[in-house]
Amino acid sequence: MKIGIVGATGEVGRTMIKVLEDFKIPVNELKLFASKRSSGKTLTFNNASIVVEELTEDSMIQKFDFLLFSAGSTVSKIFAPIAAKAGNIVIDNSSAFRMEKEIPLVVPEINGHLLKNYRGIIANPNCSTIQMVLSLYKIHEKFKINEIFVSTYQAVSGAGYKAISELQRQLEGDKSKTVFPKQISHNVIPLIGEIEEDGFSTEEHKMINETRKILDDYSINVYPTTVRVPVFYGHSEAIVVKTKLPFNDISFIENQIKNSKNVILTNEIITPIDVAGSDYVYVSRLRKIDEFTFSFWNVADNIRVGAATNAIRILMLMVGLL
Ligand SMILES: NC(=O)c1ccc[n+]([C@@H]2O[C@H](COP(=O)([O-])OP(=O)(O)OC[C@H]3O[C@@H](n4cnc5c(N)ncnc54)[C@H](OP(=O)(O)O)[C@@H]3O)[C@@H](O)[C@H]2O)c1
């Protein structure tokens, strides 16, 4: 397979290279693209050095089996349609196309069937949404979710490599900031993205809208509060769910979670550090509140589960490797 990664030098792009290696994807040719700033840098794939090229329109009309985009919405909006028009399949990590009606928004374990005979742009959902819907899709199948109340504890890596440097710098004493609206070291920031008219932030709107689209049920109400915490890798979520149908005993919820693909239910106390580098979502602290309501703690590696691994699983599903 010939694969191209756009945004290859970023947090998600580098992890995509690693996941391609880890999953032993049969890649004959890998092309790496980034901005002019990174052109000429080298990255390693399967022990070979690959020179990063500047992203150009010409580079996108070459024939690829898959192009994996993770260079932000602005870049995707310009270059993904060019690549798709040239006949390439694009798996896009940005939010540029996620809510477009004709673009599939895919978590392969949940709605991979949308990819059958599909070519063009495929949207990879938001990181916090992916790990939440993976824990919930089987519960929704059986007990029909009514409402989700979720507070997130999101790692700085979710905002890219500049955000990681900002936390590192602040921990070393330089409290200047360019990425986050407040100091992030020794602090938490109860805002991700911008506040919109209804008081919810852009990140919160992603969780609301994408959950409904992926679970294909627009009656689900989602009430998120998205919070940035001074953690380098791994998003956590405290989630309360109300179902439409009664589940009586919490063991019925446990069974649905145990039957969910790539989700691990555990009695252990799970923290972001515990899940770094893992391709699973971890569910713990599961509690029954009443026969329609339960609560749990949900943790995953945001760059892998929430971005790179989901994208590579989409690719694997399309070529029959999953
Ligand atoms: N981090 C996450 O947890 C996460 C999860 C899901 C989705 N996403 C999405 O994935 C995308 C990338 O995130 P990230 O965390 O990897 O960001 P990042 O670490 O800031 O990396 C951004 C990448 O995009 C490249 N880039 C920036 N401007 C460009 C341009 N004009 N032309 C070509 N390449 C350009 C950068 O290249 P240079 O090195 O040359 O600057 C770098 O490779 C974003 O859309 C983000 O929303 C991220």
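Just a few scattered comments:
- Qualifying residue in the stretch 161-183 (condition: under 14 Å from residue 236 (Cα atoms) and out of contact with any helix residue (DSSP H, G or I) (no Cβ under 6 Å at 6 or more places or on another chain)): no
For every residue, the table says whether it meets (1) crowded, with 16+ Cβ neighbours inside 10 Å; (2) not aliphatic (A, V, I, L, M).
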residue	(1), (2)
211	yes, yes
215	yes, no
219	no, yes
240	yes, no
244	no, yes
257	yes, no
277	no, yes
281	yes, no
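- Subset of the stretch 188-199 (residues that are assigned to a loop (DSSP other than H, G, I, E, B) and either under 16 Å from residue 235 (Cα atoms) or within 16 Å of the ligand (Cβ to nearest atom) (or both)): 188, 190, 191, 192, 193, 194
- Of the candidates 138, 77, the single residue that is out of contact with any Gly (no Cβ under 9 Å at 6 or more places or on another chain) and surrounded by fewer than 20 Cβ atoms within 10 Å (Cβ to Cβ) is 77.
- Of all the criteria given as (1) assigned by TED's automatic domain parsing to the domain that holds residue 110; (2) touching a strand residue (DSSP E or B) at 6+ places or on another chain (Cβ under 7 Å), the one not satisfied by residue 313 is (2).
- Applying the condition of being of a type in the set (A, V, I, L, M, F, W, C) and near the ligand (Cβ under 9 Å from one of its atoms) to the stretch 33-50 and asking which residue is surrounded by the fewest Cβ atoms within 10 Å (Cβ to Cβ) yields 34.
- From the list 19, 107, the one residue that fits, being touching a Pro at 6+ places or on another chain (Cβ under 8 Å) and either among the aromatic types (Phe, Trp, Tyr) or away from the ligand (no atom under 12 Å from the Cβ) (or both), is 107.
- With respect to the stated conditions, residue 85 is surrounded by fewer than 21 Cβ atoms within 10 Å (Cβ to Cβ), away from the ligand (no atom under 13 Å from the Cβ) and either free of Cβ contacts under 8 Å to residues at least 60 places away in the same chain or not assigned by TED's automatic domain parsing to the domain that holds residue 160 (or both).
- Hey, residue 93 near the ligand (Cβ under 8 Å from one of its atoms) and not basic (Lys, Arg) or not: yes
- Odd one out for residue 53 among (1) of a type in the set (D, E, K, R); (2) surrounded by 14 or more Cβ atoms within 10 Å (Cβ to Cβ); (3) under 19 Å from residue 318 (Cα atoms): (3)
- Close pairs from the stretch 272-297: first in contact (Cβ under 8 Å) with a residue 12 or more places away in the chain, partner assigned to a loop (DSSP other than H, G, I, E, B) and charged (D, E, K, R), Cβ under 7 Å, at least 6 apart: 275/301; 276/301; 277/301; 278/301; 284/268
- When the residues of the stretch 23-50 are filtered to those that are touching a Ser or Thr at 6+ places or on another chain (Cβ under 9 Å) and in a helix (DSSP H, G or I), the one that is farthest from residue 312 (Cα to Cα) is 37.
The values are calculated or read from the model by the stated rules, or taken from the named source; none is laboratory data. If you're wondering where the values come from, they're calculated on a predicted model, not measured in any experiment. So basically every Cβ, Gly included, is an ideal-geometry build from the backbone, and we count neighbours across all protein chains shown.
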